[in-house]
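Enquirer: Below you'll find the structure I mean.
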Amino acid sequence: MFRELARSQRTEARLGELLTAHGSVRTPAFVAVATRASVKAVEADALAAVGLEILISNAYHLHLRPGEDTVAALGGLHGFSGWRGPTMTDSGGFQVFSLGAGKEHGVGKVASIFPGDESAAPRVDGPRLVRLSEHGAWFRSVVDGSEHTFTPESVVTIERKLGADIILPLDECTSPLHDHAYTQAAMARTHRWAARALAAFRLLADDPTFPNPHQELFGILQGGAFEDLRRESTRVIGEMGFDGFAIGGSLGRSKDDMRRVLDWTVPGLPADKARHLLGIGEIEDLFAAVARGVDTFDCAAPTRMARNGSVFLRGAPRHRIHLRNAAYRLDDRPIDPDCDCPTCASASRAYLQHLCRTGELAYYRMATLHNLRFLTRLLDDIREAVAADRLADLAAAWGFRL
Ligand SMILES: [Zn+2]
């Protein structure tokens, strides 16, 4: 359930609260990516300690390993992982896409949105072979070569067994290189799948054998970067009776395209339900999305960047520094003297560079904790700015426009 607490007079930005069976989330909020029920390198307690309130895992990956029945037998994602707070699961539509159409076009979703972004590493964790039909998606496991079929109904069942608080239906992601006709056909199929997922979800709603009886199903908007399709998807999905919404698929080829897609979609959605933006997490994008009424967003880039040596520092070029840079070899300062994360309390840039260069395991945890803490503090500031209706001022202070 979503509760709007305040709304900007100057933008679509709003302050809110996402209420789930496992606690509430203050929005706008960053959702940390825990693909396989783990934020890479960091355990659940430490995530809460740096201020994270909600995680998103992936039904596709957890279906392949360890399997939803195993997770269900251990109490669902919450009992299994030890993370007691709110959770989401993505369906795996993006993974099915990423080496289906994405591979066919030689692009991933993020790569094509922000060319040249170092965080846009090609995704290689999806299935090697995919066939899509009206029934669903057939693919071969990258783990053991076994064959799997995802249908809108089977994915809901998998997600019921995983037990996240918010679940997303199977959708077909299109590439930014798909034309209008293909994107329209994929969107229409996603809409038909959405209706099937909703029916399956309602059918399974009262089954006490699932670990979390209080799940919500969000609908996913598609339509690529085409205005007519995005508006149609907003109307169709918006009227279906979902508990909230996620904006998925290709957001075009530039940051301005993303702004336009949000302008075409968010204002048309029911105001009393939450809006999640899938796979976006650059600082500039957070400001732009919040200003357009997005409540939550997830992105694997901040944690992946950390593992690659790139850590956030306000005021540095693009607000980040690269720890492998020779300039930090004898730098005894923390990454950010103003940061209150455990890494900045104890470690110098020089030491982190050494850990990073030598591949010491502690490095991954330390760098990840810093980047996550940076984001939770940024979101604290963003919420404060929305409450005071001064988001544009905060964005300008960071060097961005809304
Ligand atoms: Zn720090």
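Enquirer: Restricting to region 306-315, count the residues that are open to solvent by less than 10 Å² (accessible area, probe 1.4 Å) and in a loop (DSSP other than H, G, I, E, B).
Expert: Going through region 306-315 one residue at a time, the tally reaches 1.
Enquirer: Now for a separate question. With (1) open to solvent by 30 Å² or more (accessible area, probe 1.4 Å); (2) in contact (Cβ under 8 Å) with a residue 12 or more places away in the chain; (3) closer than 16 Å to residue 41 by Cα as the list, and residue 387 as the residue in question, which single condition is left unmet?
Expert: (3)
Enquirer: Next question, about the same structure. Would you be able to tell me the number of residues in region 322-346 that are surrounded by 16 or more Cβ atoms within 10 Å (Cβ to Cβ) and more than 9 Å from the ligand (Cβ to nearest atom)?
Expert: Number satisfying all stated conditions: 4.
Enquirer: Going through region 352-363 one residue at a time, which ones are crowded, with 20+ Cβ neighbours inside 10 Å and over 9 Å from residue 323 (Cβ atoms)?
Expert: Residues satisfying the conditions do not exist here.
Enquirer: Which of the numbered conditions does residue 178 fail, given that it passes all the others? Conditions: (1) of a type outside the set (Val, Ile, Thr); (2) open to solvent by less than 10 Å² (accessible area, probe 1.4 Å); (3) modelled with pLDDT of 85 or more.
Expert: Going through the list (1) of a type outside the set (Val, Ile, Thr); (2) open to solvent by less than 10 Å² (accessible area, probe 1.4 Å); (3) modelled with pLDDT of 85 or more, residue 178 breaks only (2).
Enquirer: Has region 188-197 got any residue that is farther than 25 Å from residue 162 by Cα and small (Gly, Ala, Ser)?
Expert: For region 188-197, residues farther than 25 Å from residue 162 by Cα and small (Gly, Ala, Ser): present.
Enquirer: One residue is enough: does region 292-305 have a residue meeting the conditions more than 16 Å from the ligand (Cβ to nearest atom), surrounded by fewer than 17 Cβ atoms within 10 Å (Cβ to Cβ) and not in a strand (DSSP E or B)?
Expert: Step one: filter region 292-305 for residues more than 16 Å from the ligand (Cβ to nearest atom), giving 292-301, 304.
Now narrow it down to the ones that are surrounded by fewer than 17 Cβ atoms within 10 Å (Cβ to Cβ): none.
Checked region 292-305: no residue is more than 16 Å from the ligand (Cβ to nearest atom), surrounded by fewer than 17 Cβ atoms within 10 Å (Cβ to Cβ) and not in a strand (DSSP E or B).
The values are calculated or read from the model by the stated rules, or taken from the named source; none is laboratory data. As the structure is a computational prediction, the values presented were derived from the model and not from experiment. Glycine also receives a Cβ, built like all others from the backbone with ideal geometry; neighbour counts cover every protein chain displayed. Accessible surface areas use protein heavy atoms only, side chains included; no ligands, DNA or RNA. Shrake-Rupley method; radii C 1.70, N 1.55, O 1.52, S 1.80 Å.
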